[in-house]
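Here, each number is a calculation from the coordinates, and none is a lab measurement. Just so we're clear, the structure is a prediction, and the values are computed from it rather than from any experiment. With ideal geometry, Cβ positions are generated from the backbone for all residues, glycine too; neighbour counts draw on all protein chains shown.
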Amino acid sequence: MKNILAPFVSLISSIRIWNKRRQTFAGDLEALYESYKVNVLTIFAILALWSVITTFKVSLQPLLHPELIWTPLVSSIWLFLAALYTVNTVFRQQRVKLLQFWYWFLANMIIISICYSLDAIIGILVSIFLPCYRLKWLNAVSDDKDKFVRGRKLLKPARAGYEYRKKINHSTETFHLGGHDVPLTKALTHCVTVGTTGSGKSVTQNRIMADVLPLVKVGTNRRAVVYDAKLDVISTLYGICGDSGDTNIVILNPKDRRAVAIDIAADINCPSDIETFSNIMMPPPAHNEKVDKFFRDNPLQLLRAAVEYFYYNAPGVWELRDIVNLFESEEVFKAILGSDPRTRYALGLLATDGTNANIFSSVRTEVYKYRILAARWSHAPKKISLKQWIKEGGTIMVLGRDTIQTDTVGTSIAVLNRFITTSLAQLILSQPDTKEPSTFLFFDEMHTIKLELVDLATQARSKGCCIFAAFQSIQSLNQFYGSDGVETIMGQFNLKNILKLGDTATAEWCSKLIGEAEIIHADPNYEVVNDIGEKKGFNPKLQTQRVVLASELTSIPEIDSKERVGLTGYYLGTNVYRHTYKWQELNKIFVNKDLGYEDFEPIPKQWEELLPWTPSDWNRLGISQVMQHLQFKMQAEQLENQLKSGSYAARSAGGFENTFTTEDDDDDEFENLESQENQGSNLVNKFVNPKLKSLVNKRSPKKPPARSNIFKKRQPPPGPSRN
């Protein structure tokens, strides 16, 4: 059956291709002849060619009127002047009649040519009087049609793509958008897609990724970041790029078993990097938050001092887990930072007892947001340096999203995404200026990642960065960036794709974004003449109206495979147009997934438990002596407290009878206390360096001197004589 229908299917496909090419040609022609200069040059070329051909024909006619051989030249000059005047009238007042002008002009040329073929006198007379009727028609006002004056105009898709097609040649890199191939350099102006669930946002993003990401290869100065908002992009990326090794795909979702860790120590190479890293870990408050400056700056300095210590004493080997463990105890924090003169200044911030607990608690609260992330990173199979990523290229980093927990700042994935995107933004903006697209950022559901886009969107274009974003509702962006921030960010996105919208607020915002047009509206009015019938008249009025109404955006049909409904949207760039992908066309732009790769592989639950420091970690960080001394000190203080509490308890239990003791009682009590101390000393020796054991012996209490034997056991001292 398929073999029988194959010729018909091929014929239908050929017809569709021919129709698309016809529409493209018509759009290019329409765009080309919107120029006044092109119209004038075309008229001149046609009349010059017509004059030569007609003169040759007249010369071949019987020489009834040999003196009229010059008439075609005169006619062509007259026709050119008349056409030039007409074109001026059209471009000044009634541009909508430009197409009708060309119909009339070509029809006139055919009629005049026929007349010249009959007789030269007839030809010159017709060429003189015929243009007058055309001028009269063009000067008349079209009362029954609206006349576009200025503003935004909704174009046909074929016409709207002309600006893209004229910039494309055989070597131009492109990506597909809105039915057209768009030059890749146009992506430097950034692209955003707005649409509700089922509108086709993911289809649009995947189609762009299928054209752009194959350009990211090892050895090229290109790299990409993809935000996996729905945990379904890994198989898509391998379906696009394959697994040949030309492109490195790195998973950064810490809940995925295959995820790699960020090599923070490798990215911090100077004190200024420490300042940057500290501000990323403790970001400034949002625009609608109020925080006491004291409890913002002091904790930030404590964190900075902690990073400084590891930077100076454990360069290249420390990790995020070490930062979190450092803030587990205030005593540990003071002991470690106090051991280095370069970080001892931080102890002065904790000098006041009244605010000590509050300051340390504030910084620990911020650091503990990274606790689960640090635990997961400690199990990562390998690390990646962000500076190396942006320097070498050829790598696609995939950010994840926690679909179970809420996307609050405190969740591990949320803080990771904030950390990575902020770091990448600073690295991208530090790159030299370039006009070549080199860094591609794909952020589907951008409102969930809470990306700091203001500086990145406004400055990244000159750094070769292209942002492809998508979101559902304008309210979600306003909550994070504020209305002014949203306007600033969206103003930097030159390519805007507006699909079906689900709420009126977003639809109203997009309708306003598309713009308005000023037109002369033909307002009809009626009057009755001689009781015979109606006479219709038009009263032109200048009006300003929306090019696309908000209700039109909410009424766009959703993609439906059962009903074979395609993707419809409004595409706003230099121009605005409406384009619909039919279901047959939509099947061609779908991206095939590589089902050999899972989109998500969960980690074991025990990977979320942060491991404390071990002696091997002490050696790695160079803090063994500090930690051993700290443990000795803590054990000694604990032992001293035990000795004090034990002696007090023993005395309290004896009551009045034991108030007076003898030498034998003292000896027994001392032996018991000495045995308790020996046990405590053995406990300390398990954790303390052998070199420090002698210190314990020095603190051991000496045996008290022998007391006088005047008093006997259980006998009161002699009193005064009763005699």
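Quick look at the values:
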quantity: Footprinting exposure proxy for K387, K97, K435 (fewest neighbouring C-beta atoms within 10 Å first); calculated: K435, K387, K97
quantity: Built amide H within the under 5 Å cut-off of A469, gap 5+; calculated: C191, V192, T193, F443
quantity: Under the Karplus curve 6.51 cos²θ - 1.76 cosθ + 1.60, θ = phi - 60°, whole-Hz ³J(HN,Hα) for region 571-579, x wherever Gly or Pro sits; calculated: 10, 10, x, 5, 10, 10, 8, 10, 9
quantity: Cα gyration tensor, region 166-230 - rounded (a/c under 1.5), prolate or oblate; calculated: oblate
quantity: Distant-in-sequence amide H partners of S385 (H built 1.01 Å from N, under 5 Å); calculated: D263
quantity: Cα-based Kirkwood hydrodynamic radius, region 420-507, one decimal, Å; calculated: 13.8
quantity: Proximal charge balance of Y162 [Cβ under 13 Å; K/R count +1, D/E count -1]; calculated: 0
quantity: Entries in K562/K593; K167/K582; K167/K201; K387/K463 that, when Cα-Cα distance is taken, lie over 18 Å; calculated: K562/K593; K167/K582; K167/K201
quantity: Among 18-29, 564-575, the order from most to least packed when residues are scored by Cβ within 10 Å on average; calculated: 564-575, 18-29
quantity: Neighbour-count order for I251, I498, I603, fewest beta carbons within 10 angstrom listed first; calculated: I603, I251, I498
quantity: At 1.002 mPa s and 20 °C, Stokes diffusion of region 549-598 via Kirkwood alpha-carbon radius, µm² per second; calculated: 165
quantity: Packing-based exposure ordering (other Cβ within 10 Å, fewest first) of E331, E366, E392; calculated: E331, E392, E366
quantity: Rounded to whole Hz, the Karplus (6.51, -1.76, 1.60) HN-Hα couplings of region 165-176, x for glycine and proline; calculated: 5, 6, 9, 9, 10, 5, 9, 7, 7, 9, 9, 8
quantity: Residue-wise HN-Hα coupling along region 382-389, computed from phi with Karplus coefficients 6.51, -1.76, 1.60 (Hz; x: Gly, Pro); calculated: 7, 10, 9, 9, 5, 5, 5, 4
quantity: Placed amide H near L501: partners under 5 Å, 5+ positions off or other chain; calculated: T196, T554, I556
quantity: Restraint check, K147/K500; K97/K147; K20/K156; K97/K153; K230/K255; K186/K496, Cα-Cα greater than 20 Å; calculated: K147/K500
